[in-house]
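Okay, structure first, notes after.
The values are calculated or read from the model by the stated rules, or taken from the named source; none is laboratory data. All figures in this text were calculated on a predicted structure; none of them were measured in a lab. Positions of Cβ are generated from backbone atoms using ideal geometry, with glycine treated the same way; all protein chains shown enter the neighbour counts.
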């Protein structure tokens with residue numbers, strides 16, 4: 001019998017993760033999660049990095065890690081502010097970093113305070129306000145770039161109060177998940193649920209308020225926004241206002257996916273399972289056999305998480 005691509009790629013990706021752990025190069029939250037699932041010891045350097053980042057943190061601010069190791073090579077620091085914070089909290093919670101205990105009350109209060117009266121989490125606005133106080137010249141240049149992008153996209157407009165490229169729905173997930181890891185909930189869960197539900201479109205998908213890249217391109221995608229919306233609602237014990245239409249949209253999106261894109265499959269599978277509609281991905285185990293696992297980083301995490309999601313569906317028959 002010919003071995004599937006998964007049979008050959010998965011052991012190689014696992015070996016890569018083990019090698020990175022042995023070299024002290026576990027740097028991302030999903031790598032820590034994969035190590036946990038596979039029983040791979042997370043290096044002490046990862047624990048130290050999170051401990052030092054928490055020790056440096058002062059309120060109000062986002063948690064900053066060592067940018068030489070933790071900043072995305074393809075995205076700016078502004079896009080990473082709330083994700084950096086979630087990442088450090090996730091690693092500290094998973095590894096039971098001592099400094100987290102002393103920082104927990106202040107972190108909970110500050111993260112909960114990002115929620116506005118309308119239920120939305122204004123993480124990007126908070127970041128840009130802090131960044132303007134810290135380095136106003138750089139912040140003004142970034143702001144000018146975004147305003148210029150809006151003027152190119154909508155000739156003649158005078159954009160006021162626009163922020164850098166981000167997704168409020170993704171930010172809602174980062175903040176809510178961070179609070180959960182800290183043993184807390186948003187300041188007003190009902191308002192958060194109502195705001196997220198209000199972002200559901202007539203076709204069933206969710207979309208964050210419009211945000212532009214400096215190039216003028218629309219930031220984000222309906223698939224990621226929908227996944228984050230459903231996942232955040234699930235964390236809050238709720239679901240979409242129109243569950244059936246959301247399920248139908250996600251099921252319909254399956255046919256548009258690149259069969260090799262593990263991250264996209266995860267953004268489909270996770271919300272469908274959360275909505276109790278895992279039957280729509282019942283054929284995924286067969287497709288998974290030929291999906292490439294390109295590395296021991298996010299691809300490995302994605303395939304391990306997909307397998308976790310698929311096991312109960314398979315057991316139900």
Just one listed residue, out of 235, 257, is modelled with pLDDT of 95 or more and more than 17 Å from residue 198 (Cβ to Cβ), and it is 235
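Within the stretch 195-214, track down each residue that is outside any helix (DSSP H, G or I) and modelled with pLDDT of 90 or more. Working first, answer last.
Here is the first cut: in the stretch 195-214, the ones outside any helix (DSSP H, G or I) are 199-214.
Residues satisfying the conditions are 199, 200, 201, 202, 203, 204, 205, 206, 207.
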Of the conditions (1) over 26 Å from residue 94 (Cα atoms); (2) in contact (Cβ under 8 Å) with a residue 40 or more places away in the chain; (3) within 17 Å of the chain's Cα centre (by Cα), the single one that residue 207 does not satisfy is (2)
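Rundown of residues vs (1) on the phi > 0 side of the Ramachandran plot; (2) at pLDDT 90 or above; (3) touching a strand residue (DSSP E or B) at 6+ places or on another chain (Cβ under 9 Å); (4) not in a helix (DSSP H, G or I), yes/no style:
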position	(1), (2), (3), (4)
102	no, no, no, no
139	no, no, no, no
165	no, no, yes, yes
184	no, yes, no, yes
193	no, yes, no, no
Filtering the stretch 273-286 down to residues that are surrounded by fewer than 16 Cβ atoms within 10 Å (Cβ to Cβ), part of a helix (DSSP H, G or I) and in contact with a helix residue (DSSP H, G or I) (Cβ under 8 Å, 6 or more places away or on another chain) yields 279, 285
Within the stretch 242-259, the residues that are under 22 Å from residue 9 (Cα atoms) and surrounded by 14 or more Cβ atoms within 10 Å (Cβ to Cβ) are 257
If we keep only residues of the stretch 234-272 that are under 15 Å from residue 201 (Cβ atoms) and assigned to a loop (DSSP other than H, G, I, E, B), then the residue nearest to the chain's Cα centre (by Cα) is 240
Looking across the stretch 36-50 at residues that are free of Cβ contacts under 8 Å to residues at least 40 places away in the same chain and out of contact with any helix residue (DSSP H, G or I) (no Cβ under 6 Å at 6 or more places or on another chain), the single one that is nearest to residue 305 (Cα to Cα) is 39
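Matching residues to (1) in a helix (DSSP H, G or I); (2) touching a strand residue (DSSP E or B) at 6+ places or on another chain (Cβ under 8 Å); (3) within 29 Å of residue 125 (Cα to Cα):
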| site | (1), (2), (3) |
| --- | --- |
| 7 | yes, no, no |
| 15 | yes, no, no |
| 26 | no, no, no |
| 30 | yes, no, yes |
| 42 | no, no, no |
| 45 | yes, no, no |
| 48 | yes, no, no |
| 51 | yes, no, yes |
| 61 | no, no, yes |
_Residues that are in contact with a helix residue (DSSP H, G or I) (Cβ under 7 Å, 6 or more places away or on another chain), assigned to a loop (DSSP other than H, G, I, E, B), at pLDDT below 90 and closer than 21 Å to residue 33 by Cβ: does the stretch 69-90 have at least one?_
yes
